[in-house]
Amino acid sequence: MPRRSISDNLAPMHIQFCGANRTVTGSCHLLHVNGLRIFLDMGLYQGPRDEARRLNQYLPDHARTADAIVLSHGHLDHCGKLPVVVREGYAGPIYCTPATAEVARIVLEDSAEIQLEDADYINRRSRQPGQAPVQPLYRPSDIPHVLKLFKRVEYNRTIDLGKGVRFTFHDAGHILGSAYVLLQWDVPAANPGQPTTRSLLFTADVGRYNTPILNDPAPIPVLPDLVLTESTYGDKTHAPMDGVEQQFLDAVQFCVKNRSRLLIPAFAVGRTQTVLWYIQKFIHENKIPTIPVFVDSPMGVQVSRIHEDFPQYFDKQTTAMIAGKDLFGLTRITFATSMEQSKAINTVTGPCVIIASSPTCEFGRILHHLKFSMERPNDLLIFVGWTPPNTLGRRLQDGQNRARIFDRWYDVRCQIRTIHGLSAHADGDELIRFLTPTLRPQTTFFVVHGEAGVADTFAQRLSKSGVHRIGVPAMETVTFQTPH
Ligand SMILES: [Zn+2]
Ligand SMILES: [Zn+2]
């Protein structure tokens, strides 16, 4: 791994960038500070199969013997490699918020099943006679060993890691339990009167302002010397949140009026709960009658239930709306956990709302519902987020008039709409708003968790905002020494 130094002074600390460098997945950074080795995140790389297998089997140096892992949130690209490091011998603490421990458990259990299916698929499709079978990256039996290492830490509580190093989680407003990390460490004074503490801000994934359910990202309480910032949408401006509610309402009212089906392909963590929240709000406000709602995703079901265990994390509007009651209407929703329950939904003609994964429409239970609705002119398919290129979801969004699902072609007669503005990630303006106090010449920035061009664009924006020292690291080790 290449090494470079970005300044020249006392109290060096090294950062080994091990993932989410010039890409958005596989978040993982190793800090060497005051003799401790601390990982920030241990995420899975998600991408083309061969590359993903190679990168996900790679273990950073010292992974087995690190002193701590600090986990920002439960998305797979931040926690998905934990079972690999634990199986290979890591036995130290994994710090995370209590809600992240629950979300990560569900996400990892689901991921282990997918790893099994994936290995099975490869062995069936491309294994040569006499060749050893491909092993899954990890199995469901690996997950309990990870869960045993979780140490639950509430927001704003400082944890002493020893050797003068400590950290605090603060609410990042991205998904339930998500945190940004403020890490501080003591250094010897170079001269009398000089500061003897250094600090690092790891933004992980930053949420948005004024979104339903979650709080806004908490203001940064300490001015850091060093910032590792995400840049996922650093070059974009999201559609405003204001129009989202009305677009949703129009869609549900259309289905009520036409007694048709509203299909929403959505991620299980975060987006499914936002959709449920809007529907519950419309019912509360008597804008729609109580109509059947189906969540056809075992993970979506589990994550929705977990939200109810953490009402202390909700924003004021949500807390006032539910007043301790049924946040997502879970008592009335039909949750399909088994395949039989999923198939039964196909006989329901409407009005109804069906939420299922995956947004790509390439796999998952949404496909069965799409088949049924594709040629029904009054059924409505709504996309509530970004859809990757070269997927069925994107082609439908782009207006393709025929679609192949499983074994046959369908005419696309249903209505298709996209509701923009529901991202869980801050856009460029929101990132700058969040980072504002840190935008000063003495702060050093590393831009991570963004595609190469996007990270560079965001770095340029930082430089126009008063930051002088900015790096967009590749997989490399950088030595950081505070300037005076
Ligand atoms: Zn995330
Ligand atoms: Zn992420």
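The values are calculated or read from the model by the stated rules, or taken from the named source; none is laboratory data. Predicted model only: the values in this text are computed from it and were never measured. Neighbour counts run over all protein chains shown; Cβ positions are idealised from the backbone, glycine included. Keep in mind that these areas ignore ligands, DNA and RNA; they rest on the heavy atoms of the full protein, side chains included. Shrake-Rupley method; radii C 1.70, N 1.55, O 1.52, S 1.80 Å.
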Residue satisfying all of: in region 226-275; β-branched (Val, Ile, Thr) and over 26 Å from the mean Cα position of the chain (by Cα); farthest from ligand 1 (Cβ to nearest atom) among these: Val256
Test result for Thr100, without any contact (Cβ under 8 Å) to a residue 40 or more places away in the chain, assigned by TED's automatic domain parsing to the domain that holds His174 and either out of contact with any His (no Cβ under 9 Å at 6 or more places or on another chain) or not basic (Lys, Arg) (or both): no
Residues within region 64-91 that are within 15 Å of ligand 1 (Cβ to nearest atom) and not hydrophobic (A, V, I, L, M, F, W, C), tallied: 8
Candidate set: region 449-464, residues that are crowded, with 21+ Cβ neighbours inside 10 Å and not aliphatic (A, V, I, L, M); chosen: the one nearest to ligand 1 (Cβ to nearest atom): His449
Every residue from region 445-468 that is over 26 Å from Tyr45 (Cα atoms) and either in contact with a Gly (Cβ under 6 Å, 6 or more places away or on another chain) or hydroxyl-bearing (Ser, Thr, Tyr) (or both): Ser463, Ser465
Residue that is surrounded by the most Cβ atoms within 10 Å (Cβ to Cβ), among those in region 71-106 that are charged (D, E, K, R) and either part of a loop (DSSP other than H, G, I, E, B) or away from ligand 2 (no atom under 12 Å from the Cβ) (or both): Lys81
Residue in region 406-448 that is farthest from Val252 (Cα to Cα), counting only those that are among the aliphatic types (A, V, I, L, M) and more than 16 Å from ligand 1 (Cβ to nearest atom): Leu439
Boolean, Gly173 is outside any strand (DSSP E or B), touching a Cys at 6+ places or on another chain (Cβ under 9 Å) and crowded, with 19+ Cβ neighbours inside 10 Å: no
Exclusive hit being surrounded by 15 or more Cβ atoms within 10 Å (Cβ to Cβ), among the small types (Gly, Ala, Ser) and touching a residue at least 60 places away in the same chain (Cβ under 8 Å), set Ser342, Ser297, Ser304: Ser297
Residues satisfying the stated conditions in region 34-43, i.e. closer than 18 Å to Tyr180 by Cβ and either away from ligand 1 (no atom under 16 Å from the Cβ) or modelled with pLDDT under 90 (or both): Ile38, Phe39
Test: Asp77 is touching a Ser or Thr at 6+ places or on another chain (Cβ under 6 Å), modelled with pLDDT under 95 and either under 20 Å from Val24 (Cα atoms) or in the same structural domain as Leu214 (by TED's automatic domain parsing) (or both): yes
Residue within region 411-431 that is open to solvent by 30 Å² or more (accessible area, probe 1.4 Å), more than 30 Å from Arg365 (Cα to Cα), at pLDDT 90 or above and out of contact with any strand residue (DSSP E or B) (no Cβ under 7 Å at 6 or more places or on another chain) present: yes
Subset of region 13-29 [open to solvent by 10 Å² or more (accessible area, probe 1.4 Å), part of a loop (DSSP other than H, G, I, E, B) and either on the phi < 0 side of the Ramachandran plot or within 13 Å of ligand 1 (Cβ to nearest atom) (or both)]: Asn21, Thr23, Val24, Thr25
Residue count, region 117-156 (criterion: surrounded by fewer than 16 Cβ atoms within 10 Å (Cβ to Cβ), over 19 Å from Gly89 (Cβ atoms) and under 23 Å from the mean Cα position of the chain (by Cα)): 4
Members of region 254-275 that are open to solvent by 10 Å² or more (accessible area, probe 1.4 Å) and either in the same structural domain as Gly207 (by TED's automatic domain parsing) or part of a helix (DSSP H, G or I) (or both): Phe254, Val256, Lys257, Asn258, Arg271, Thr274
